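The structure appears right after this line, and notes come after that.
What follows is calculated from the coordinates using simple rules that are stated; it is not laboratory data. What you see is a predicted model; the values in this text were computed from it and never measured. Note that we place each Cβ from the backbone using ideal geometry, even for glycine, and neighbour counts take in every protein chain shown.
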Amino acid sequence: MVAGIQVIESNSSVSELRRMRFLGQLAEATLTTGNVRDFVSLLHDGLGEIIPVDAIYIFLHDRDSRIFYLPPELNNINHSTLNTSLQLLYHETSLHSLLGSKQPVLRSGKKGEAEFLESERRIFGEDIAADMAIPITARDDELLGALCLVRKTPIGFNKIQQAIASTAASFIGKILERDHFAEAVQRNEKQAAWWRSSFETMFQLATTPLCLIDTESRLIHLTNEKFAALTGLRADESQGNPVDDLFQEKDAELVQQKIAELDVEPYTSLRGLRLVTRNGQIRHVNLRIRSIHGDGRQAIIKFLDVSKRSGATRKWGDVLNHLEKIFSCWDEKELAEDLPGALEKGMEVLGVFLDAKFAAIRRLHGDEIELMQAVSFDTFNDIKFARPLLSGHTELSVQDMQNLSDIRFFANVYDEESLRAITPIARQLGYASLIVVPITASGQARAILTLYFEKRKTLHKSEQLVLKSAANLLGLNLKKQQLELVTARQAEHIQALQNFTRNVNAYRELEKLLPATALETRKLLDFDLFEVTLFNDEGENVRTFRLASGKIARKVGVDRWQSLEEHSELGWLLHGDELPSVLDAEVEQFKASRLHVLLMPGEKYLGSLEISSLTADSYTEEHARFLNQIGAQLGIAIENARMFQNMQRQINQFSALATVSYAIAREEPLHKILTDLVRTTLTSLKAQDVSIYTFSHEHGFRKKLSTGDRDFAGFWSNHSVVTRKLVQERDKVVIENLSDPESGEEGEGALILWPVFCKERVYGVFSVGWSKPRRFTRHERDFTKAMANLASNAITSARLNQEGAEHTTKLVRVNDELEKFVYTVSHDLKSPIVSIQGFTSILLDTHADDLKSEARHYLNRIQQNAMQMEQLIRDLLELSRVGRMNTPPEEVDSRLLIERALVEYSYQLEKGKIKVHLEENLPMILCNPALIKQVFSNLIGNAIKFMSPDNPAPEIIIGGTRKNDYALFKVQDNGVGIAWENREKIFNLFERETTIKNAEGTGLGLAIVKRIIENHKGKIWLESREGKGATFYFTLPVPQKIS
């Protein structure tokens, strides 16, 4: 305990500190160490302590030579032990897999000794048991090499060790890139120094007076010996002085003017100028002024003494003339239009200029040297004869050619030990010496120009400069042409990928998408086998799709191959899982070369894509990059296709749910609903059986309905655990791998069971089964649950409908009996009422004088109540008769019925001075005329009855219009109106409006009207405001038009 802080040390924290310290040292060394050996020593010592290993190797990758090699400066290897055994070709090591994936490669002897190749054991040791190879990459993801850690015990490497080794490899990549950049800078500086030296040499060798000036200051920077001879000025006397000081005043002004105009015109000339020499002599000269370096800041001035020209000048002019011809032949445009022709023309100029016998240009192609062009200047040996001999050999090895930086002379090919193999060809073609000139680009020789001479040849400095200048120009233009070709090819690839993406993304089904992808890929990359391996959404149930060429079909048998189209050279090689293992191994042995890419749109791993060819070495790194781009597009297309198919499946399943729900709502027969339900589930989920079972404690589970070709009841129906789960716990049962009830073996299928309810009681089970084990997705569980719920709803709805129908039948019977009772009672009461009315009339008419006034008052009351009772009985009889009349409806003119009803109330209308407005174009209706005439009578009588006596302009409006398949009528008045809260109950029995006191009526009129309208399948309603009148609306059927 120190100052209240407890310090706890553990082995894990110490190890972590050691790792952090080691990585920090590497980072610091990357920035500060100038000697790569110091860095490597630190790496070997520190990494061996952090990660227990027996050996550490750092390989470098040579893409052109297609090898991995061990440089001594990066490994603990003595120079004396360095030999070809420390180089591994691509096919001799598993390191070549780093080219495509750029991911660590881990191997362990646990899987067998065959994993380590004999060539690898030669370097790592025969007792190697495990290794880890980490890619060393550059910033542009180019593979620079590999960091290999080797163990003699079969113990693998954990993720922490992988992470540390990967970090160390990244530091090595930065060191290599740093040194490569430094070498490139040094090489560029050397090249620039060489150009300066060459320029100065050529400047001094010129046979005419020259000077180099600065165009802004007009100061002389450089002069040659001929300039000194012309002017009498030494180099140190002329350099740093204005060039116009050499001329007389007026001529000096002309020179100044022309130099100033070089920004506009980079080449100009002056004639007849007077130059003043050091001793004061006047020399008449012509000037040619040319701007150089493109920016116009420097210029060369050529002085021509018009009075004297030497033979040497003419000789150098001949050299420049030939060089100009070569430059024109090997111009960028000429090379682009006709490369062989341009090479031949330039070589002819060189051959004539140097008196050569043959000339040849060779270039590096992979790890081989190939002949690009050859020219013969021998009248006895035609090029057709010489070309096969020249192309069949080369004077330099690949390594010598790569290391060649200057002209190499072979004075006598017969005395050169390295050329002993080609002496027979030399004798046959008749040459004795040769000169090899490197054709460089970016400081590295990618081609050579070889000139063959009949005798020993010695080149003057001017001839060497011509050769070097011509070779450098050719190298630069060839490099530029190569870059342009690469750019054009990349543009073609981009366009091809765009076409690929457009064509492939048009498909939404995997069975159509993959063949389309294979056909589009074959337009870009040749292959004999196209394989796509896919996982499902849950990462299981692998499916493999194989498309093969006709070549594969002929090897494995055309009966195993099905062409995509009638004339297609591409077809299905059986179908995924059904491909036998024997055929799988047989196809594998035909793959001479292959490319593999993972399908990972975003961070989701879908599977892999592999193309392979029957021909070895068919693919390059460029092909691998191209396939990566194709794989990225294919991954997106597969993901889109899966999303589309999932959406389509969900739409179909939602449609199925909606269809079943609609059938339940329409109260279709239960058997039809359940049959459609199980068939839809079977189709949607591609199951082998869908069944519905009923359940009872007495009989257990019994099948009610089933569809499919397999019965799964034997797996679960007698199982107590399943029964308890379904019936008592009322929960689902999911079995993803069924066991045979008799043998107990698994793999018999998969099953999902849901309880089906009816009125909160377990009615039975909804069962869905598959013939193979499977992992159920959440969507499958939800869909089967929804179908089980629909089955529950259908069964419950059918049971409720059945009970409702029974209840309705009972109500109809009771209502019928009630109507009969009302009719009987009303009819029986009618006779006593008539007797009461008769006897009271006799008493009032015959014995009125004999009765006291009080007695007469009571008799009048009895007679009025008897009349009211008679009206009530009449209304009751009418009400009961409405429900029992079954007269067929007739087509009637509604105006006729309304006019008959108005006739009945003509006296009341005239007495109350009530105006009636009957609208025009009243519709025809389909009805019982007597009953509908009664509806109008009751409503008109009701309007008269509730018309206020104080109304100055009483009015009744009757109208009607046709609305498609029904007619809408209204009876409107401007009487006292009806309170809003009474608008519904006034249609009930014995309900009367009390707005006008002592209004006549029994309270049955509107009830009768409503009964009549509803018996005609119509509706009636009221719109009214108290004191503002009332409007009754009702609908009636109309005759259907004959189309």
Check: Using all Cα-Cα distances in region 17-185, what percent lands in each 10 angstrom bin from 0 up to the longest?
Finding: 10, 40, 39, 11, 1
Check: Among the lysines, which fall within straight-line cross-link reach of K785, defined as a Cα-Cα distance under 17 Å, with same-chain neighbours fewer than 8 residues apart omitted?
Finding: K686, K725, K732
Check: Counting only residues 5 or more places away or on other chains, whose amide H sits under 5 Å from the amide H of K1019 once H atoms are built in the peptide plane?
Finding: T1035
Check: What is the mean projected area of the alpha carbon convex hull for region 886-926, to one decimal in square nanometres?
Finding: 3.7
Next item on the list: List, in order, the whole-Hz ³J(HN,Hα) value for each residue of region 666-674 obtained from phi through the Karplus relation with A = 6.51, B = -1.76, C = 1.60 and θ = phi - 60°; use x for Gly and Pro.
Entry: 7, 6, 5, x, 4, 4, 5, 4, 5
Checklist line | Set of region 197-234 residues, backbone N closer than 11 Å to the point 7 Å along the Cα-Cβ line of D263 | finding: 216
Item checked: FRET efficiency for S41 and R543, using Cβ-Cβ distance with R0 set to 51 Å, rounded to 0.05 -> 0.45
Next item on the list: Using the Karplus curve 6.51 cos²θ - 1.76 cosθ + 1.60 with θ = phi - 60°, work out ³J(HN,Hα) for each residue of region 949-958 in order, rounded to whole Hz, and write x for Gly and Pro.
Entry: x, 8, 6, x, 9, x, 8, 10, 10, 10
Item checked: Calculated Rg and Dmax of region 582-634 using C-alpha coordinates, Å -> 12.6, 36
Checklist line | Amide H contacts of D731 (H built 1.01 Å from N, under 5 Å, at least 5 apart or other chain) | finding: L726
Margin query: Test of understanding: what is the full-extension gain from R900 to K551, defined as 0.36 nm times their sequence separation minus their Cα-Cα distance?
Written below: 115.8 nm
Check: With the radius of gyration and the Kirkwood radius both derived from the Cα set of region 322-488, what is their ratio Rg to Rh?
Finding: 0.94
Next item on the list: Arrange S65, S328 by Cβ neighbour counts within 10 Å, fewest through most, would you?
Entry: S328, S65
Checklist line | Pairwise centroid distance, computed over Cα atoms, of region 585-614 with region 647-667, Å | finding: 41
Notebook entry, point to check: What's the Kirkwood radius of region 886-1037 in Å, using all Cα pairs?
Noted result: 15.7
Check: Cα to Cα, under 15 Å, and not fewer than 8 places away if on the same chain: which aspartates and glutamates meet these conditions relative to K468?
Finding: E200, E324, D406
Checklist line | All aspartates and glutamates inside 16 Å of K591 as judged from Cα atoms, apart from same-chain residues fewer than 8 positions distant | finding: D526, D528, E531, E610, D617
Next item on the list: Figure the gain on full extension for T615 and Q428 (residue separation times 0.36 nm, minus the Cα-Cα span) and round it to one decimal in nm.
Entry: 63.6 nm
Margin query: With an 8 Å Cα cut-off and a minimum separation of 6 or more residues, compute the relative contact order for region 509-649 in percent.
Written below: 25
Check: When the Kirkwood hydrodynamic radius is evaluated over all pairs of different C-alpha atoms of region 913-989, what value in angstrom, to one decimal, is obtained?
Finding: 14.2
Checklist line | Square roots of 5 times each gyration tensor eigenvalue, C-alpha, region 204-288, largest first, Å | finding: 19, 15, 13
Check: If r is the Cβ-Cβ distance from S197 to Q481 and R0 is 41 Å, what FRET efficiency results, to the nearest 0.05?
Finding: 0.90
Check: Which pairs, out of K302/K325; K455/K480; K913/K970, put more than 25 Å between their alpha-carbon atoms?
Finding: K455/K480
Next item on the list: Could you list which residues have their amide H under 5 Å from that of Y763, counting only those 5 or more apart in sequence or on another chain, with H placed in the peptide plane?
Entry: V756, F757, C758
Check: For region 675-743 and region 913-977, what is the separation of their Cα centres, given in Å?
Finding: 66
Margin query: Apply the a/c threshold of 1.5 to the C-alpha gyration tensor of region 659-703 and tell me whether it is rounded, prolate or oblate.
Written below: oblate
Note to self: Debye calculation, C-alpha points only, no solvent: report log10 I(q)/I(0) for region 669-809 at q = 0.12, 0.14 Å⁻¹, in the same order as the q values.
What the structure shows: -0.47, -0.63
Item checked: Ratio Rg/Rh [Cα only; Rh per Kirkwood] for region 613-671 -> 1.51
Margin query: Could you tell me the ratio Rg/Rh of region 509-649? Both radii from Cα atoms, Rh via Kirkwood.
Written below: 0.95
Check: Between E667 and R813, what FRET efficiency follows from the Cβ-Cβ distance if R0 is 25 Å, with the result rounded to 0.05?
Finding: 0.65
